[in-house]
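To start, the structure itself, in structure tokens.
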Amino acid sequence: MSNLMLCKRRRAGTAVALAFALLGLDAQSAQPAQGKPLPDAEVQARADALLAKMTPEEKAGQITQYFDFGDPQDSKRVLDEMAAGRAGSLLFVYDPAELDRLQHMAVERTRLKIPLLFGFDVIHGFRTIMPVPIAVAASWDPDVAEKGQTVAAAEARAAGLHWAFAPMVDIARDPRWGRIIEGAGEDPYLGAAMAAAQVRGFQGDFIGSSGHIISGPKHFAGYGAALGGRDYDEANISDSELWNTYLPPFKAAVDAGAGNIMSAYMALNGVPGAGNRWLLTDVLRKQWGFKGFVVTDAGAAHDLLTHEFVATEPDAAVRALQAGVDMEMSPPFGTSVFKTLPQSLAKGTVTMAELDTAVRRVLEAKIRMGLIEKPYVDLKQAQRVLTDPQHRVVSRAAAERTAVLLRNEGGLLPLDPNKLKSIAVIGPLADSARDTLGPWVFAFDLNETVTVLGGIKAKAGSKVRVDYSPGVTMPARLHPSIFDQDPKMIAKRVEVDDASELPHAVALAKASDVTVLVLGEAQNMIGEQASRSSLDLPGRQQELLDAVIATGKPVVVLLMSARPLDLKNSKPGALMNIWYPGTQGGAAVANLLFGEVSPGGKLPYTWPRNLGQIPMPYAHLRSHQPNTGEQRYWNEPNSPLYPFGFGLSYSTFEFSNLKLDRQTIAPGESVPVSVDVRNTGGRAADEVAQLYLHQRYGSSARPVRELKGFQRVTLKPGETRTLRFELTTAELSYWTSAKHAWVQDETTFDVYVGNSSQAALTTTFEVSKSRR
Ligand code: BGC
């Protein structure tokens, strides 16, 4: 496995890399990489030696993972399992001292002294919180993803964790689905690039490299296609969509060396993830050569019963194991069904060889991670790494690269602090540290978090008056989520009386030179169990927005959101999506507002005009009536409000000279493409060159456009750069349901290059055997 695990490294060349360099760190890793991977033969021999000593109960326990939320009664039950050698892994413990204490128990009190593997949801940072994953995708810069997860891995590893349940690489084309925030959006090409970069960031050069942890891409597969965007509901995906759209990010993550994969909860085309042998064995292992271990999602082996897929708990365990699951993540507070495996062995419904295969994979992961030699936590080192101020620099640089500027009428942005005397900062999210971090974080420190208000105050300086009002109250959810049960996780909001606060906010806007409105969804309104049947601003925020715009004063709206929201055609002077920008979010936003950096992010999803249009991926088929495409709904235009790949800058750019090396290639050959990008504006800024392909005919009808290349570049005013892309068989092939196979057709391709999915610069080439 070691060769597979050697991750491909990329050249550093971005602001984030620069931040690393300035800090005297290896540009690829928050800690200098050490050592080399253990030879495969040694790992296998050591795993086999341990396996030979294990009882069936210990084997079943070794492949069982328990939640430990610290609840005294439940923890006792988990500790009893551990002490008896019947727990191979724990999740949800993240305090370094507690991780160390538990590891001491596991090693010192169990018969075989096998350390625990500690897994955790390290989704976008551990102590230092990075922008949420969809934001990172909006940077269109895989280095941002890699560096962010490198820092997250360093912190998590120092705290005593070994494995992240991340990245989530599910394609999401329905913004009602709350977990859209955890992935890279609607596009498989962008999704694959982000998936691979995150795996590299988490794992470093190989599994077990210093300061790194195992990466577990999830949720295999199809979770993002939940019916109606309702979290956990079934997904029904055609084979063409599965291979061409939903699976490529997983394949990229496996190719990047991911050591783990998490199976999905829901049924894909009728087969629940944890029981899907076709996915977990035929595709993942046989076709893709995955060598790591597969874990279920929480309680998902047990839930094969709930799904009405099996008849009994022992059946659930056997079906999951035989499908290709190597470890059961037990239900929170619940019992493991893998506990029944010894019984099934005795009955002969499962074989020792099947059980051993899973146990061996888990033991191998522990051996590769060096846990047998070094199981414990260095608490002093943990403290140092967790509070490393350099990590915050990486977080701020990342947040600056993720913002997407959607409107900027008359060049309202950037603001000039020398010309302003007063700014009104308004909105329920403007000074909420907890919301600034986004969901799926646990080990954060709110005192280290910079809100938008905090960032603006610090940047504007003493000569500019900054007034603040929340404006309106952020409403509570009708149905609280699992995360709302922990008081630390929810934002402590200032309760305001909307009837008096809204007019107060409007008065502040009237009395100020410019208003910055921070609106959107609270962090617990997006994420797991946070699907929503509306894209409207929650509560009375729309009313606030309309009233502030009605003052006629310049208004900048900053959206804290990870799904496209419907602002009801409101037209603020400027609109920027800042996502949930993390620990340094407010500082990054202030740098963007005042023009220290120019926004360069681009949308990783299509932004519809309203809810009724979804799903509306840009990569759709042409239909037999392309000319009336805009009139599909009789009541309004069918085009998006903002297309996939869109985002403005403080500068302007021009694309020209789109050239192909050859006009005709034979199947199997590559086409080099080049294009010139020129910064035609007056300031240094970033642009993302995006290359889209359209196949005119072939074995299947293909989408009107598909992203097949992108590069983010920084250009000085007046600078022109020639960018090169290479279209290889990988970009020119696809899965066709006409043949149930991958094909590369002899056909004509249109190439488009520009700064969104509506790029206009175009040329064509042919793929033809007659070239040979
Ligand atoms: C989620 C996973 C997560 C797991 C453990 C589940 O509910 O679907 O993404 O890793 O919980 O927290």
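The values are calculated or read from the model by the stated rules, or taken from the named source; none is laboratory data. Values in this document were obtained by computation on a predicted structure and should not be read as measured data. Methodologically, a virtual Cβ is constructed for each residue, glycine included, from the backbone with ideal geometry; neighbour enumeration extends over all protein chains shown. Ligands, DNA and RNA are excluded from the accessible area calculation, which covers all protein heavy atoms including side chains. Shrake-Rupley method; radii C 1.70, N 1.55, O 1.52, S 1.80 Å.
Across all C-alpha atoms in the stretch 442-573, the radius of gyration and Dmax reach 15.7, 45 Å.
Principal axis extents of the Cα atoms in the stretch 365-484, from largest to smallest and rounded to whole angstrom, are 61, 40, 27.
Count the net charge of all other residues whose Cβ sits under 14 Å from the Cβ of Asp467, scoring Lys and Arg as +1 and Asp and Glu as -1. List each step's numbers first, then the result.
On the way: positive: Lys421, Lys457, Arg465, Lys510, Lys553; negative: Asp431, Glu501, Asp513.
Local net charge: +2.
With both labels modelled 7 Å from their Cα along Cα-to-Cβ, the Lys53 to Leu305 distance reads 3.4 nm.
For the stretch 642-772, what is the per residue volume of the convex hull drawn over the alpha-carbon atoms, in cubic angstrom?
Working: hull volume 12.3 nm³, N = 131.
It comes to 94 Å³ per residue, whole-number rounded.
On a 1.4 Å probe surface of the protein chains, which of Tyr650, Tyr692 comes out largest in accessible area, and what is the full order? Can you show the working numbers first?
Values: Tyr650 35, Tyr692 0 Å².
Sorted descending by solvent-accessible area, the residues read Tyr650, Tyr692.
Using C-alpha pairs below 8 Å separated by at least 6 residues, the relative contact order for the stretch 465-512 is 57 percent. Length gained on full extension, Ala83 to Lys36: 13.6 nm, using 0.36 nm per residue less the C-alpha separation. Against the chain, whose longest principal axis comes from its Cα atoms, helix 498-510 is set at around 50 degrees.
Checking the table Lys457/Lys553; Lys218/Lys739; Lys218/Lys291; Lys459/Lys568 against a 22 Å threshold on Cα-Cα, which pairs fail? Over 22 Å Cα-Cα: Lys218/Lys739; Lys459/Lys568. A crude spin-label estimate for the pair Asp282 and Ile372, with each label 7 Å from Cα along the Cβ direction, gives 3.6 nm. Averaging the sequence gap over all C-alpha pairs within less than 8 Å and six or more residues apart, then dividing by the number of residues, gives the chain a relative contact order of 13 percent. Principal-axis analysis of the Cα atoms of the chain puts helix 389-402 at an angle of about 60° to the longest axis. Using just its DSSP H runs of length 4 or more, each adding -39500 (n - 2.57), the chain gives a mean residue ellipticity at 222 nm of -8000 deg cm²/dmol after division by all residues.
Sorted from greatest to least, the principal axis extents spanned by the alpha carbons of the stretch 496-643 come out as 55, 33, 32 Å.
Rounded to 0.05, the FRET efficiency of the Ser670 and Lys571 pair, given R0 = 35 Å and the Cβ-Cβ distance, is 0.15. Applying 1/(1 + (r/R0)^6) with R0 = 60 Å to the Cβ-Cβ distance of Thr357 and Asp513 gives a FRET efficiency near 0.35.
Taking 7 Å steps out from each Cα toward its Cβ at Glu495 and Thr652 produces label points 5.2 nm apart.
With the alpha-carbon atoms of the stretch 194-259 aligned to their principal axes, the span from lowest to highest coordinate is 43, 23, 15 Å, starting with the largest.
In the stretch 478-530, carbon and sulfur make up what percent of the accessible area (probe 1.4 Å)? Kindly include the intermediate steps, with their values, before the conclusion.
Numbers: 1540 of 2480 Å².
The C+S portion of the solvent-accessible surface of the stretch 478-530 is 62 percent.
Please report the projected area of the stretch 244-334's Cα convex hull averaged over all directions, in nm². Don't jump to the answer; show the numbers that get you there.
Numbers: hull surface 22.9 nm².
Averaging across all directions leaves 5.7 nm² for the Cα convex hull.
With R₀ fixed at 25 Å, the C-beta to C-beta distance from His479 to Leu446 puts the FRET efficiency at about 0.45. Taken as Cα centroids, the stretch 394-473 and the stretch 637-687 sit 31 Å apart, rounded to the nearest whole angstrom.
Residue-normalised convex hull volume from the C-alpha trace of the stretch 572-662: 199 Å³ per residue. Quick check for you: which residues of the stretch 291-308 have the amide N under 17 Å from the point 7 Å beyond the Cα of Asp486 toward its beta carbon? Taking a point 7 Å out along Cα→Cβ of Asp486, the residues of the stretch 291-308 whose backbone N falls under 17 Å are 298-299.
Please list Arg173, Arg360 in order of solvent-accessible area, largest first, computed with a 1.4 Å probe with all protein chains present.
Working: Arg173 40, Arg360 75 Å².
Result of the area sort, largest leading: Arg360, Arg173.
Backbone N atoms of the stretch 672-700 closer than 12 Å to the 7 Å Cα→Cβ label point of Lys659 belong to residues 673-676.
Annotation for the stretch 489-540 versus the stretch 587-604: alpha-carbon center distance of 21 Å. Grouping the Cα pair distances of the chain into 20 Å bins from zero gives a pair-distance distribution of 17, 50, 30, 4, 0 percent in increasing distance order.
Ranked by solvent-accessible area (1.4 Å probe, protein heavy atoms only, all chains present), the residues Tyr223, Tyr618 order from largest to smallest as Tyr618, Tyr223.
In µm²/s, what is D for the stretch 118-212 at 25 °C and 0.890 mPa s, where D = kT/(6 pi eta Rh) by Stokes-Einstein and Rh is the Kirkwood radius from Cα pairs?
188
Here the chain carries DSSP beta bridges of which approximately 55% are antiparallel, counting only pairs with both residues inside.
Quick one: accessible area per residue over the chain, 1.4 Å probe, rounded to a whole number of Å²?
Numbers: 27770 Å² over 772 residues.
With all protein chains present, the chain gives 36 Å² per residue.
Panel values: the stretch 395-449, Kirkwood radius from alpha carbon pairs, Stokes-Einstein at 25 °C and 0.890 mPa s, translational diffusion coefficient 171 µm²/s.
Report the percentage of all Cα-Cα pairs in the stretch 304-437 whose separation exceeds 27 Å, rounded to a whole percent. In whole percent, the long-distance tail amounts to 59. Excluding same-chain neighbours fewer than eight residues apart, the lysines reachable from Lys347 by a Cα-Cα span under 20 Å are Lys59, Lys339.
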